[in-house]
Every structure is written in C-alpha cells, then in structure tokens.
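Trainee: Mind looking over this structure? Questions follow.
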Amino acid sequence: MQPKQHELFDKRQSKPRIISDKSEGVDYTLMMVKDIKYGKSIIHYWPPNLSGIYLKVVNDSFKKASKIHKEFIKPMESKKESFNLSPENTILLYDYIESMQITIIMICTAIESIVNSIIPSNYIYKEKYRGEEKEHNYYSIQRYISHIEKLEKVLPNACNISVSQHKFWSKYKKLIILRNDLIHLKSKETSTIYDQRDYFNKLDESIIDRLVNDSSLSYVKSGFEIIKSIQSQLINSTDFPIIYDVENLNVEKVDDIRNYFNQKNPPTSGDVEDSTNQL
C-alpha cells in the first residue's frame with residue numbers, strides 16, 4: 001500500500017496525530033492549536049517542537065561552519081608557510097568560530113532537551129550516593145543528573161534506548177568536554193593571581209585550536225548520530241522532532257472517532273501500529 005502523505009510546512013513543527021476511523025475508513029490529521037495573549041490580541045498558532053527549533057539553529061550554523069572550513073581553513077593545512085590573515089579573512093575566521101560555538105552548544109542542548117522530553121514522567125531513577133540509594137523523580141532527573149549520565153544510564157533504564165555502545169559515543173563525550181569549556185569561560189581580568197590569568201589565556205588558545213581542528217567537525221557529527229540513534233530505537237516518536245524530509249507517523253486506530261472524542265479521558269495512544277502514513 002502506498003503511504004499517505006501529510007503536509008510538512010516546516011521541520012520545526014510538532015508532529016501531527018493521525019487517527020484512523022475504522023467505521024468510516026478515513027484518516028484524520030490532528031494538529032494542536034494554542035493561543036498567545038499579546039496585548040489586546042489573541043494569536044492562534046500551531047506550536048513548534050522546541051527541540052526541533054534547537055536543531056534548526058544547529059543545522060544552519062553547522063552548514064555555515066563546514067563551508068568556511070572546507071573553502072578557507074582546510075586548504076591551509078598542507079602548506080608549509082605562515083599565514084598573516086587580512087582583516088577580511090580574520091572576519092571569516094571569526095564567522096567560523098562563532099558558527100562552531102553555536103553549533104556545539106546548541107546540539108548538546110538539543111540532545112538533552114530530546115532526552116528530557118522522552119523520559120516517562122512517572123519514571124524513578126535510582127543511584128548510589130555515598131553508600132546510600134537515592135531516588136530521582138522526573139524533575140529531579142532533569143535538574144540534578146548530568147547530561148552524560150542521562151544518556152549512559154537513565155535512557156537505557158527508562159526507555160530501553162542505548163547510545164553509549166556505539167562507536168560515535170567516545171567522540172560525543174569529547175564534544176561535551178569542548179562544550180563545557182565554551183560555557184565555563186572566565187574573564188582573565190577577574191583572575192588576580194598571575195597563574196590564573198596564564199591558565200585562562202592558555203584555555204582560550206586551546207579552545208580556538210580545537211575548534212579549527214578537523215576533529216571538532218567529527219565531534220559535532222557524532223551529535224547528529226546520537227539523535228538518529230535515539231529516534232531509531234524510540235517506539236512512539238510523536239514528541240520527537242522532525243529530522244528527515246520524510247518520516248513515518250504512528251497511526252491511532254479507533255472504531256468511531258466521534259465516540260473516541262466523546263470520552264471524558266480519551267487514550268493518548270490508541271491501537272498504535274507501524275505507520276502507513278508519512279510526514
């Protein structure tokens with residue numbers, strides 16, 4: 001059977017719900033509508049997937065960084081000479097550094113946002129802390145459990161999804177280190193001890209060196225692999241951002257859609273099957 005197509009107007013949109021009415025043999029595409037109260041106005045809109053917005057920023061900035069690296073930075077690698085950058089080329093280097101900073105920070109943010117969104121709200125994570133077992137509910141996981149621990153331990157236990165066994169995992173952990181160095185910068189002017197000023201000078205230089213190096217690009221690509229791997233293992237991906245131009249959608253099959261919505265508390269996922277619908 002040829003999959004039925006549903007309009008995709010922007011990858012940042014939330015995925016629609018597809019409900020198939022068995023009695024009528026008709027599929028209904030449902031999109032949530034929300035309101036923004038702005039002054040005297042009420043704005044009706046289709047809410048976006050917030051993780052999808054992060055990913056849009058990542059895709060745009062990484063595309064720009066990759067182009068600059070390929071056309072401007074990479075050609076200098078094999079030339080045994082010293083390059084004095086003109087103001088115009090210095091601006092190009094700044095554009096690259098800026099784009100990579102945005103990419104690295106935002107892709108890690110997108111992944112943590114995705115993980116937070118798919119962990120069941122009733123899940124309890126147990127960990128050993130100073131010899132005692134400590135329990136974390138959904139909100140405590142988001143606030144107190146590190147990004148890496150969520151991926152290594154919480155996600156496999158809560159959702160039966162594993163990413164730390166793949167080859168890209170070691171690169172992603174290096175990406176997290178680079179991201180942390182970018183976030184936790186310290187002004188050298190506030191470092192009154194000379195050794196501290198020297199340390200932060202070297203840290204800045206190290207960050208720039210790593211951003212320019214080819215390996216930073218491969219670290220970012222590992223982030224994309226993390227996202228693809230999570231989606232491939234996720235059974236119901238309704239809340240997952242749209243990452244491909246064409247994606248399968250889950251179909252909720254009901255006997256009569258009128259009775260379905262007349263129920264006081266209709267199920268959030270009915271008779272869910274592998275989708276014959278696509279976005």
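Readers should treat all values here as calculations from the given coordinates under stated rules, not as data from a laboratory. From a predicted model like this one, the values you see are computed outputs, not experimental measurements. Please note: Cβ atoms are built from the backbone with ideal geometry, for glycine as well, and neighbour counts cover all protein chains shown.
Trainee: With labels modelled as points extended 7 Å from the Cα through the Cβ direction, what inter-label distance (nm, one decimal) is found for ILE235 paired with LEU85?
Mentor: 5.1 nm
Trainee: Then there is this: Can you tell me what the convex hull of the Cα atoms of the range 1-108 projects to on average, as an area in nm²?
Mentor: On the way: hull surface 54.4 nm².
For the range 1-108, the mean projected area of the Cα convex hull comes to 13.6 nm².
Trainee: Could you work out the relative contact order of the chain, using alpha carbon pairs under 8 angstrom and six or more residues apart, expressed as a whole percent?
Mentor: In percent, rounded to a whole number, it is 29.
Trainee: Here is a further query. Once the convex hull of the alpha carbons of the range 1-48 is built, what does its volume come to per residue, in cubic angstrom? Present the calculation step by step, with values, prior to reporting the outcome.
Mentor: On the way: hull volume 4.6 nm³, N = 48.
Each residue corresponds to 95 Å³ of Cα convex hull volume.
Trainee: Note the per residue figure in Å³ for the convex hull of the C-alpha positions in the range 113-159.
Mentor: On the way: hull volume 3.3 nm³, N = 47.
Roughly 70 Å³ of hull volume per residue.
Trainee: Over all Cα pairs of the range 144-185, how is the pair count split among 5 Å bins, expressed in % and running from 0 up to the last occupied bin?
Mentor: Percent of Cα pairs in each bin: 5, 22, 25, 23, 15, 7, 2, 0.
Trainee: Follow-up. Between TYR144, TYR129, TYR45, find the one with the highest GNM mean-square fluctuation for the chain; connect C-alpha pairs within less than 10 Å.
Mentor: TYR129
Trainee: Can you tell which of LYS253, LYS171, LYS153 shows the greatest fluctuation in a Gaussian network model of the chain with Cα springs below 10 Å?
Mentor: It is LYS253.
Trainee: A further question follows. Hey, what D do you get for the chain in µm²/s if you plug the Kirkwood alpha-carbon radius into Stokes-Einstein at 25 °C and 0.890 mPa s?
Mentor: On the way: Rh = 22.2 Å.
Answer from the Stokes-Einstein relation: 110 µm²/s.
Trainee: Then there's this: Let me check the size of the range 61-151 from its C-alpha atoms; what are the radius of gyration and Dmax in Å?
Mentor: In Å, with Rg to one decimal and Dmax whole: 21.2, 60.
Trainee: Separate question: Place the peptides 78-85, 216-223 in order of packing, highest mean first, counting for every residue the other Cβ atoms within 10 Å and averaging per peptide.
Mentor: Numbers: 78-85: 6.8, 216-223: 20.2.
The peptides rank, most packed first, as 216-223, 78-85.
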